[in-house]
Amino acid sequence: HDHWAFINPDALRAFMDAPENSDAAGVIMEHFHRVNDICWRDGALLVQVAQQYGIEYDQDLPDLTFALRLYLDRPDAFDFAWSMYLRVALNAGPCEYRFPAGRLRPSPAEIALLESNLRGWFANMKKGSQCLVACFAEGNGLLLRITRGARVKTIARWRGFVTEIDSFRPANEDVVWYEPDESRLSIKASLRRDREQYIRSIAEIFAKESELA
């Protein structure tokens, strides 16, 4: 069961160095970076995740091993850990708003409605209609990770020995967390208009009180 915990670094490096695997190598490195990142501050975040999900945390186990096990065996817990990491790692400073909505526990249908609402907003902002909302209970509060599009970027890239012009839409991540005991809604997102839309949508869909916005 634990054989996956022992990675052959030479075989992995050889695979990633092969030119035909260049695209896959980028994806693999991104996933390894995420596994490494959630070990932030000597694993303090991992302890909180283990408590939240009722997972045994072995103090003698290296943090990277525990994080890799989360990634492979408990994607739900890893997703929560990544959202918590973004809350401290995103460059945007947190903006805090008074939001006395009481305890919120949105249903899957309400989360889907929020996602649909935000898709329309970002499409109108010319950022594409792609939007995913991950919602987690955190104590009495909520933690939301919003993955959404941005303006299309164009770059010149190599395809073999030929350069081509390639356009792509970046996938950005914003984080929102709600603390009912403090009546506080906090948002890490770079643009004010996006933050204001998050507040409006959460007030209308989760709290059913549009005047809170």
What are the residue pairs meeting all of these: first residue in the range 63-77, first residue over 14 Å from Leu45 (Cβ atoms), second residue among the acidic types (Asp, Glu), Cβ atoms under 9 Å, and 6 or more apart or on different chains?
Thr65/Asp58; Arg69/Asp2
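Per-residue answers, yes or no, for (1) under 16 Å from Lys188 (Cα atoms); (2) open to solvent by 30 Å² or more (accessible area, probe 1.4 Å); (3) among the hydrophobic types (A, V, I, L, M, F, W, C):
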| residue | (1), (2), (3) |
| --- | --- |
| Tyr53 | no, yes, no |
| Leu70 | no, no, yes |
| Asp73 | no, yes, no |
| Asn91 | yes, yes, no |
| Arg98 | yes, yes, no |
| Pro106 | no, no, no |
| Ser116 | no, yes, no |
| Ala123 | no, yes, yes |
| Lys127 | no, no, no |
Having 1 or more residues that are among the basic types (Lys, Arg) is the bar; report the strands (runs of 3 or more DSSP E) wholly within the range 70-162 that clear it.
95-98, 141-149, 153-159
Which numbered condition Ser190 misses (of (1) in a helix (DSSP H, G or I); (2) surrounded by fewer than 16 Cβ atoms within 10 Å (Cβ to Cβ); (3) touching a residue at least 60 places away in the same chain (Cβ under 8 Å))
(1)
Return yes or no: is Arg200 assigned to a strand (DSSP E or B), basic (Lys, Arg) and free of Cβ contacts under 8 Å to residues at least 60 places away in the same chain?
no
Taking the range 52-64 as the region of interest, how many residues are at pLDDT 90 or above and polar (S, T, N, Q)?
1
Those residues that are modelled with pLDDT of 85 or more and open to solvent by less than 80 Å² (accessible area, probe 1.4 Å), I need them from the range 157-170; list them, please.
Glu164, Asp166, Ser167, Pro170
Among the residues of the range 1-37, write down those that are modelled with pLDDT of 80 or more and open to solvent by less than 60 Å² (accessible area, probe 1.4 Å).
Ala11, Leu12, Met16, Ala18, Asn21, Ala24, Ala25, Gly26, Ile28, Val35, Asp37
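Would you say Arg105 is among the charged types (D, E, K, R) and touching a helix residue (DSSP H, G or I) at 6+ places or on another chain (Cβ under 6 Å)?
In short, no.
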Considering only the range 38-51, state which residues are open to solvent by 70 Å² or more (accessible area, probe 1.4 Å) and at pLDDT 90 or above.
Gln48, Gln51
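The values are calculated or read from the model by the stated rules, or taken from the named source; none is laboratory data. Fair warning: this is a prediction, and the values are worked out from it, not measured in the lab. No Cβ is skipped: glycine too gets one built from the backbone with ideal geometry, and neighbour counts run over all protein chains shown. Please note that ligands, DNA and RNA were not included when accessible areas were found on the heavy atoms of the full protein model with its side chains. Shrake-Rupley method; radii C 1.70, N 1.55, O 1.52, S 1.80 Å.
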